[in-house]
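Note sheet for the following structure.
The values are calculated or read from the model by the stated rules, or taken from the named source; none is laboratory data. Treat the numbers as computed from the prediction; the structure is a model and nothing was measured. Neighbour counts are summed over all protein chains in view; Cβ atoms, including those assigned to glycine, are modelled from backbone coordinates with ideal geometry. Please note that ligands, DNA and RNA were not included when accessible areas were found on the heavy atoms of the full protein model with its side chains. Shrake-Rupley method; radii C 1.70, N 1.55, O 1.52, S 1.80 Å.
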Amino acid sequence: MKTVTMRVTGLVQGVGFRWTTQMIAQELGITGTVKNNPDGSVSIVAQGDELPLEHFIKKIKASPSVAAHVDHVDLKTIPNTEKFTRFSVVY
């Protein structure tokens, strides 16, 4: 089990990015959260086994929403301090 945080910049708000991120996470068995930030970026906390998590990260970098455009993903691995049970859109 591995946990990462991602700060995604680009055209990622108001284009279905959080919802498609949630759908991809659920398909891959990834748990965590996704939320909009006041600066126009999106923050993701993703937790899962190594291989599904790698697939998830690749899909985020490729922009999961057709209307979105990802410019940059700041990715960090963090300690598994919190265990998530599902993937949620946070407001």
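Results, tabulated for the structure shown:
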quantity	calculated
Residues of the stretch 55-75 that turn out to be part of a strand (DSSP E or B) and under 18 Å from residue 40 (Cβ atoms), as a count	6
Failed criterion for residue 6 (all others in (1) part of a strand (DSSP E or B); (2) in contact with a Phe, Trp or Tyr (Cβ under 9 Å, 6 or more places away or on another chain); (3) surrounded by 19 or more Cβ atoms within 10 Å (Cβ to Cβ) hold)	(2)
The stretch 44-54, residues that are open to solvent by less than 20 Å² (accessible area, probe 1.4 Å) and either at pLDDT below 95 or not in a strand (DSSP E or B) (or both)	53
Some residue of the stretch 76-86 being part of a strand (DSSP E or B), open to solvent by 80 Å² or more (accessible area, probe 1.4 Å) and farther than 11 Å from residue 3 by Cβ	no
Residue within the stretch 33-43 that is open to solvent by 20 Å² or more (accessible area, probe 1.4 Å), among the acidic types (Asp, Glu), free of Cβ contacts under 8 Å to residues at least 12 places away in the same chain and not in a helix (DSSP H, G or I) present	yes
When residues of the stretch 9-32 are limited to those that are more than 16 Å from residue 84 (Cβ to Cβ) and assigned to a loop (DSSP other than H, G, I, E, B), the one most open to solvent (accessible area, probe 1.4 Å)	14
